[in-house]
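Read the structure below first, then the notes.
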Amino acid sequence: MGWLEAIVLGIVQGLTEFLPISSSAHQLIVGQLLFGGRDPGAAFTAVTQLGTETAVLIYFWKDIVRIVKHWALSLVGRIPRSDPDARMGWFVIVGSIPIGVLGLLFQDAIDSTLRNLWITVGTLGGVGLLLGLADRMARKHQAKELVNLTWRDAIVYGLAQAAALIPGVSRSGGTISAGLFMGYSRPAATRYAFLLAIPAVFASGLYKLKDVGGDACVAWGPTILATLIAGGVGYAVIAWLLRYITTHTFTPFVIYRVLLAIFVAILLLTGVLAPDAALTSGCAV
């Protein structure tokens, strides 16, 4: 991977990680279209997500520190375990278990088979329609906020996040859709999606660091550059999205996902894109 590829893919990662349109799908598609039909690989995708997730840490720093502090104090009885922030700490931990377990169990498939672009076409379109349905249903019900979060809801959120192991689902798209189906407001569902992603993304990215530099397509220098760019762009996207959803629906993202699925299907049928670049390009790790 060259420096130009790293810059472009870093920008793509930053722009798409927090929008419900799937950053991993865009990495696959852009990598093939612009850089000789190559899949940048699961390791590159996971490591550059460290940049965007660092943006979450910075943006929500005060909230995260408060949650961790209250959670820790509740363990020693300094504050009640019913404290909302202490409960949030437990909810994030429990919600992170499904993606951790499934990620380890299906690591080989996630790194190869599930990166088939025909699967991505299906998940882009299918989850897009689910997001649209969830958004429409959310308008008909009184919206819940994060203070209403329950153990059942935390587990459902976690299972929805785990679906994002498949490119095209979208971590935020799956989690937000689940939240809307359960009756949470758009800002609440989006905010929780960001918080819930922190443990999983950092665990995945740090685990995949061992693969960087071990393949000609995943070199340290370009990967670091892409990660830094992704973090800067991602921070701006977080700020914009949280403002946007206070007065707008997710309809534009639904339309975009469906149109992108159709576009990629056409490119696959005409041979412009290869469905199994992760297996044939030598860049999957």
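The values are calculated or read from the model by the stated rules, or taken from the named source; none is laboratory data. Given the structure is predicted, the values throughout are model-derived calculations rather than measurements. Here Cβ is always computed from backbone atoms with ideal geometry, including for glycine, and neighbour counts include all displayed protein chains.
Report, by residue number, each residue of segment 32-46 that is assigned to a loop (DSSP other than H, G, I, E, B) and farther than 30 Å from Gly132 by Cβ.
Just the residues of segment 32-46 that are assigned to a loop (DSSP other than H, G, I, E, B), to begin with: 35-41.
Phe35, Gly36, Gly37, Arg38, Gly41 - these are the residues of segment 32-46 that are assigned to a loop (DSSP other than H, G, I, E, B) and farther than 30 Å from Gly132 by Cβ.
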Would you mention how many residues in segment 89-124 are under 24 Å from Val264 (Cα atoms), surrounded by fewer than 20 Cβ atoms within 10 Å (Cβ to Cβ), at pLDDT 95 or above and touching a helix residue (DSSP H, G or I) at 6+ places or on another chain (Cβ under 6 Å)?
0
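Results for (1) without any contact (Cβ under 8 Å) to a residue 24 or more places away in the chain; (2) of a type outside the set (D, E, K, R); (3) touching a Leu at 6+ places or on another chain (Cβ under 8 Å); (4) assigned to a loop (DSSP other than H, G, I, E, B), shown as yes or no for each residue.
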site	(1), (2), (3), (4)
Gly10	no, yes, yes, no
Leu15	no, yes, no, no
Leu19	no, yes, yes, yes
Val30	yes, yes, yes, no
Thr48	no, yes, yes, no
Gly51	no, yes, yes, no
Thr54	no, yes, no, no
Ser82	yes, yes, no, yes
In the set Gly168, Gly174, Gly179, which member is surrounded by 21 or more Cβ atoms within 10 Å (Cβ to Cβ) and touching a Leu at 6+ places or on another chain (Cβ under 6 Å)?
Gly168
From the list Leu50, Leu75, Leu28, Leu9, which residue is modelled with pLDDT of 90 or more, buried (at least 19 other Cβ atoms within 10 Å of the Cβ) and over 22 Å from Thr190 (Cβ atoms)?
Leu9
Scanning segment 131-168 for residues that are outside any helix (DSSP H, G or I), touching a residue at least 60 places away in the same chain (Cβ under 8 Å) and closer than 21 Å to Ile93 by Cα gives Leu149
Considering each residue of segment 228-266, count those that are in contact (Cβ under 8 Å) with a residue 40 or more places away in the chain and surrounded by 15 or more Cβ atoms within 10 Å (Cβ to Cβ), and give that number.
24
If you scan segment 66-116, which residues turn out to be aliphatic (A, V, I, L, M) and farther than 27 Å from Ala164 by Cα?
Ala72, Leu73, Leu75, Val76, Ile79
